[in-house]
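Working notes for the structure below.
Just so you know, all these numbers are worked out from the coordinates, no wet-lab data involved. Keep in mind that this is a model prediction, so the values were computed, not measured. When we count neighbours, we look across all protein chains shown, and the Cβ atoms used for this are built from the backbone with ideal geometry, even at glycine.
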Amino acid sequence: MFNTLAQKLSAVFDKLANRGILTESAVDESLRAIKVALLEADVALPVVKTFIQNMRDQVVGEKVVKAVSPSQMVVKLVHDELVKTLGDSRALNLAPRRQNVILMLGLQGSGKTTTSAKLALRLQKSGAKVLLASLDTYRPAAQQQLAELGAQNGLAVLPIVKGEKPLDIARRALDEAKLTAADALILDTAGRLHIDAEMMAELAEIKRLSDPAESLLVADAMMGQDAVTTARTFADAIGLTGIILTRVDGDARGGAALSMRAQAGVPLLFLGVGEKADALEAFDAKRIAGRILGMGDVVGLVETAIEKVNQDEARKTAERMMSGRFDLNDLLSQMRQINKLGDVKGLMKMIPGIAKFSDQIDKADISNKTLRRQEAVILSMTPRERRNPDIIKASRKLRIAAGAGVSVNDVNRLLKHYEQTAAMMKQFKKMGPAGMMSLMKKMGGMPGMDSLMNNDALASLNPELTLKGKK
Ligand SMILES: Nc1nc2c(ncn2[C@@H]2O[C@H](COP(=O)(O)OP(=O)(O)O)[C@@H](O)[C@H]2O)c(=O)[nH]1
Ligand SMILES: [Mg+2]
């Protein structure tokens with residue numbers, strides 16, 4: 001997401017990086033380029049104007065004149081302005097010991113039903129008791145869709161009563177939530193293709209009846225400015241407490257995300273980043289600004305890693321990495337960790353500084369499927385071959401390829417991948433534990449690194465590199 005903007009801004013910064021001092025004309029040129037980048041990202045014009053004006057105010061201030069590195073300064077200013085524009089977020093406002101109603105609103109196809117299930121799953125994981133109910137009696141099978149999502153994800157869904165009207169379903173859901181002492185009742189409503197008065201009247205009625213703690217608009221980020229207009233209409237007509245932007249995974253421009261806060265006047269609470277039930281992120285302006293600027297979403301990367309990677313395995317690999325030993329067994333374990341981390345391309349884009357290559361990443365043949373094929377190749381090797389990849393010559397390659405059901409080319413590709421990775425590991429070793437550590441620190445730390453990086457461990461790896469002041 002935000003690829004286009006990330007690339008454009010990255011170009012602006014690159015250009016600035018080649019300059020010694022920030023002249024007035026360089027500032028003008030940069031601001032113009034930033035403005036174009038924002039407009040091309042489909043950010044609303046008033047938002048762009050404020051953005052540029054605020055930046056200009058800062059740049060003219062003495063802060064920048066004294067700055068040693070103008071490009072870094074501009075990066076910082078853009079970052080701060082992006083954070084401001086994206087706006088503060090907050091957690092869901094749910095009162096304890098109460099059946100808090102969360103009303104899900106939005107146009108048809110915006111992702112209400114999917115997001116209802118995602119939200120329920122998230123709340124349930126945090127320990128809340130959640131009940132879901134679909135009030136969508138207009139679209140055939142809409143209620144069934146929610147029931148299925150519930151069944152797939154172990155979520156409680158109000159049983160369907162055929163022919164029941166939305167308001168009656170809402171009443172029954174409220175009763176059921178009370179009876180089962182649910183903490184949250186998520187009401188998934190019907191949307192239309194366009195805003196129409198009848199729908200708005202019905203939604204207002206449902207809102208009055210259910211007295212929701214949260215009235216959330218679910219809007220499709222791919223709709224760009226239309227999503228923003230929809231949000232304004234809902235905010236005016238029904239009243240909103242927050243916005244969930246979906247399909248952010250497919251939205252390369254980011255205009256809706258950047259315009260929403262200023263234009264609709266309500267905070268963004270979550271982002272939908274995929275079709276799966278766990279593809280929902282708490283909205284975090286700083287994190288997104290980091291992504292847009294290509295500084296990488298290190299927080300996100302580390303969070304995902306903590307959750308999904310087996311820590312011991314990660315530690316073992318890290319230890320081997322630093323010792324400079326690295327064979328195909330290590331590559332296999334590394335690939336399996338990456339697999340656990342989920343979508344490889346998405347993950348790669350989170351790596352600091354890599355945003356500008358995201359097009360290449362998209363085009364490159366990197367997918368979980370590729371990883372699985374590579375895994376099959378390694379699994380077809382004998383233990384001796386895995387430890388000593390050098391012995392794998394033509395006849396062994398043929399046998400391995402046949403065993404894995406792939407071509408010899410695939411085997412060659414895997415071996416090449418191994419060689420490249422091994423070379424990278426050698427680089428890591430050259431940096432030494434201290435160098436690695438400072439790199440990790442810059443990246444915001446890595447799970448399991450603390451215990452790995454204590455002085456004893458450092459000393460055992462290289463006695464000369466124990467940390468200053470810790471001896
Ligand atoms: N890629 C992606 N697809 C999504 C996301 N949220 C919803 N969808 C898809 O959008 C389509 C419509 O979603 P649905 O929940 O039925 O929308 P509703 O009509 O508002 O209830 C479905 O195919 C969902 O899988 C998201 O964050 N990312
Ligand atoms: Mg629906």
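Going down the table (K8/K49; K35/K286; K369/K416; K15/K426), which pairs top 26 Å between alpha carbons?
Over 26 Å apart, Cα to Cα: K15/K426.
HN-Hα J couplings of the range 252-269 from phi, Karplus 6.51/-1.76/1.60, θ = phi - 60°, integer Hz, Gly and Pro as x?
The phi angles translate into 7, 9, x, x, 5, 4, 7, 9, 4, 4, 5, 8, 9, x, 10, x, 7, 9 Hz.
Once a ≥ b ≥ c are taken as the square roots of the eigenvalues of the Cα gyration tensor of the range 365-418, is the result rounded (a/c under 1.5), prolate (a/b larger than b/c) or oblate (a/b not larger than b/c)?
prolate
Using a Förster distance of 45 Å, how high is the FRET efficiency between K393 and K276, based on the Cβ-Cβ distance and rounded to 0.05?
Once the sixth-power term is evaluated, E becomes 0.60.
How much net charge surrounds A95 when only the other residues with a Cβ under 15 Å from the Cβ of A95 are counted, with Lys and Arg +1 and Asp and Glu -1?
Spelling it out: positives minus negatives among the neighbours equals +2.
Using a Förster distance of 60 angstrom, determine the FRET efficiency expected from the C-beta separation of D88 and E419, and round it to 0.05.
Using R0 = 60 Å, I get an efficiency of 0.80.
What is the local net charge at A133, summed over the other residues whose Cβ is closer than 12 Å to its Cβ (Lys, Arg +1; Asp, Glu -1)?
-4
Quick one: order V83, V161 by neighbouring beta-carbon count within 10 Å, fewest to most.
Fewest-to-most Cβ neighbours within 10 Å comes out as V161, V83.
Output ³J(HN,Hα) for the range 135-148: one whole-Hz value per residue in order, computed from phi by the Karplus curve 6.51 cos²θ - 1.76 cosθ + 1.60 with θ = phi - 60°, and x for Gly and Pro.
Values per residue, Gly and Pro as x: 9, 8, 9, 8, 7, x, 6, 5, 5, 4, 4, 5, 4, 5 Hz.
Hey, what did the range 141-295 get for relative contact order, percent, Cα under 8 Å, at least 6 apart?
Computed value for the range 141-295: 15 percent relative contact order.
Just add up the charged neighbours of A221: K/R +1, D/E -1, any other residue whose Cβ is under 13 Å from the Cβ of A221.
-4
Could you pull out every residue, at least 5 positions away or on a different chain, whose amide H is within less than 5 Å of the one on V218? Hs are placed 1.01 Å off N in the peptide plane, and Pro or chain starts have none.
The list, which skips near neighbours in sequence, is L105, G106, I244.
Hey, how many Å between the Cα centroid of the range 133-191 and the Cα centroid of the range 198-258?
First find each Cα centre; the distance between them is then 20 Å.
Once phi is turned into θ = phi - 60°, what whole-Hz ³J(HN,Hα) does the Karplus curve with 6.51, -1.76 and 1.60 give for every residue of the range 120-132, x standing for Gly and Pro?
4, 4, 5, 5, 4, 4, 7, x, 7, 9, 10, 10, 10
Suppose we keep just the DSSP beta bridges with both residues in the range 100-292; what percent of those would be antiparallel, to 5?
10 percent
Using only the Cα atoms of the range 162-256, build the gyration tensor, take square roots of its eigenvalues as a ≥ b ≥ c, and label the shape rounded, prolate or oblate: rounded if a/c is under 1.5, else prolate if a/b is larger than b/c, else oblate.
prolate
Using a 10 Å cut-off around each Cβ, can you sort I400, I238, I392 from fewest to most neighbouring Cβ atoms?
I238, I392, I400
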